[in-house]
Amino acid sequence: MLTPATILILLLATACASLAHVLLGRRWQQLPVFWLTACVGCLLAFGLQLRLPLALPHPAGVPVLEAVLLAWFLLIVVSRLRV
């Protein structure tokens, strides 16, 4: 059984990767790369417990805003690498 934090991270990563592929993708082969990159970004934000100095809720202990921002930063970097 998956924990709520794991499910939330997978959902965030899937949403970010899908939108990045729609906006920045060129080929279908980039979709798995985008998904892995978004997973890494979300897991880094969760693992390092990155927090902005804002009073935002953290469902299941996942810093949602920070995870999405880090995932998008990494997705933009990866999209520029001509994968």
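Bear in mind these aren't lab numbers, they're just calculated from the coordinates by the rules spelled out. Only a predicted model underlies this, so the values are computations on that prediction, with no experimental measurement involved. Note that we place each Cβ from the backbone using ideal geometry, even for glycine, and neighbour counts take in every protein chain shown.
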Inset, instruction - Would you mind calculating the relative contact order of the chain from Cα pairs under 8 angstrom and at least 6 residues apart, reporting the percent as a whole number? - result: 37 percent
Inset, instruction - Run the quick spin-label model on L69 and L54: label points 7 Å from Cα toward the beta carbon, then report their separation in nm to one decimal. - result: 0.7 nm
Legend entry - Calculated mean projected area of the Cα convex hull in nm² (choose from (1) 4.8; (2) 5.6; (3) 10.9), label: (2)
Inset, instruction - Kindly express, to the nearest 10 degrees and within the range 0 to 90, the angle between helix 4-24's C-alpha long axis and the longest C-alpha principal axis of the chain. - result: 30 degrees
Legend entry - Separation of the V22 and I7 label points, Cα + 7 Å toward Cβ, nm: 2.4 nm
